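The values are calculated or read from the model by the stated rules, or taken from the named source; none is laboratory data. Quick caveat, the model's predicted, so the values are computed rather than measured. Quick reminder, even Gly has a Cβ in these numbers, built from the backbone with ideal geometry, and neighbours come from all protein chains shown. Side chains are part of the model used for accessible areas, which takes the heavy atoms of the whole protein and leaves out ligands, DNA and RNA. Shrake-Rupley method; radii C 1.70, N 1.55, O 1.52, S 1.80 Å.
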Amino acid sequence: MIGVIRSEFLRARSGANTLAVLLLGAFIPVIVLTSDDTLGRITSMDAATTTSLLLAPLAWSFVVAGFAGAFGVTREFYYGSMGRTIAQIGFRRAFIAKGAASIMSAIVLTTGIAAAWCGGAAIVLKVNGLAFAPSVEAIRTVLGAFPGAVFGAILGSAVGWIIGNYYAAAAIALAGPIAFEMGFLGSAPDVARFSPGLSLAALASPSDHPVLLDPWIGLVVALGWTVVLTAAGWVVGRRRFQ
């Protein structure tokens, strides 16, 4: 089993898809940061508050992890190799290995995204005459991005098994949290914050979205979504190859 997981992890880091995921990793926080007027207000706030706001988009690192998790599954459907993989190692091992590899990739990706984003935030602050001053709130956001990414990777892998189509799964993994759920948060926050993506974002307690769930409640909701979608992914995926 360890060998299968290692193989899936190495496959996740090979080819042109690695560059695409890295670019996506840099692009998602930019989208979140520029979705409001945060950049226009940084000169009117103290260094600690500004630092927290600039690091808040890291709470959405789970989107990249979810996309990578879905891609690890759907690319085999896309290239028609999933049947061969299942025949060689069995559905159970393939399901577990792809999920585990997606978690490993999520941790590596989030580490890189967090390091690069903190460096970029420090530069932006310096240009505007402020110091990089991470408060407890900012540190909590950075650290909270990691469990969010882990859950995101598992959910992405589950979506991949359920959908089985590369383009549809990618659209759900990317547009679901950023477009649909964020838009829904503006119109019905009491309902939207219980959605899969926003419950994951709540784990990092981003200062730019205080209406999200408390991190511990978000953890319970995220666990619920993960159990339900993983079970659905198992059932749907297994039926495809019976």
I'd like to check something: does the stretch 197-211 contain any residue that is of a type outside the set (Asp, Glu) and more than 20 Å from Leu53 (Cα to Cα)? no
Would the stretch 45-63 turn up any residue that is surrounded by 20 or more Cβ atoms within 10 Å (Cβ to Cβ) and under 23 Å from Asn165 (Cβ atoms)? yes
Filter pass, Gly160 being closer than 30 Å to Ala97 by Cα and touching a Ser or Thr at 6+ places or on another chain (Cβ under 6 Å): yes
Single match in Gly164, Gly176, Gly183 (criterion: surrounded by fewer than 20 Cβ atoms within 10 Å (Cβ to Cβ) and on the phi > 0 side of the Ramachandran plot): Gly164
Given (1) touching a Leu at 6+ places or on another chain (Cβ under 9 Å); (2) under 24 Å from Phe241 (Cβ atoms); (3) among the aliphatic types (A, V, I, L, M), number of the condition Ala121 does not satisfy: (2)
Can you say whether Gly183 is part of a helix (DSSP H, G or I), closer than 13 Å to Gly66 by Cβ and among the small types (Gly, Ala, Ser), as far as the supplied structure shows? no
Would you mention how many residues in the stretch 150-161 are open to solvent by 10 Å² or more (accessible area, probe 1.4 Å), among the aliphatic types (A, V, I, L, M) and in contact with a Leu (Cβ under 6 Å, 6 or more places away or on another chain)? 1
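Can you name the residue in the stretch 62-93 that is among the small types (Gly, Ala, Ser) and over 20 Å from Ala170 (Cα atoms) and is also farthest from the chain's Cα centre (by Cα) among such residues?
Ala87
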Would you be able to tell me the number of residues in the stretch 171-225 that are closer than 14 Å to Gly144 by Cα, of a type in the set (Ser, Thr, Tyr) and within 16 Å of the chain's Cα centre (by Cα)? 2
In the stretch 113-149, which residues are within 30 Å of Trp161 (Cβ to Cβ) and open to solvent by 40 Å² or more (accessible area, probe 1.4 Å)? Leu143, Phe146, Pro147
Working only within the stretch 198-242, note down all residues that are in a loop (DSSP other than H, G, I, E, B) and either aliphatic (A, V, I, L, M) or surrounded by fewer than 17 Cβ atoms within 10 Å (Cβ to Cβ) (or both). Leu203, Ala204, Pro210, Val211, Leu212, Leu213, Asp214, Phe241, Gln242
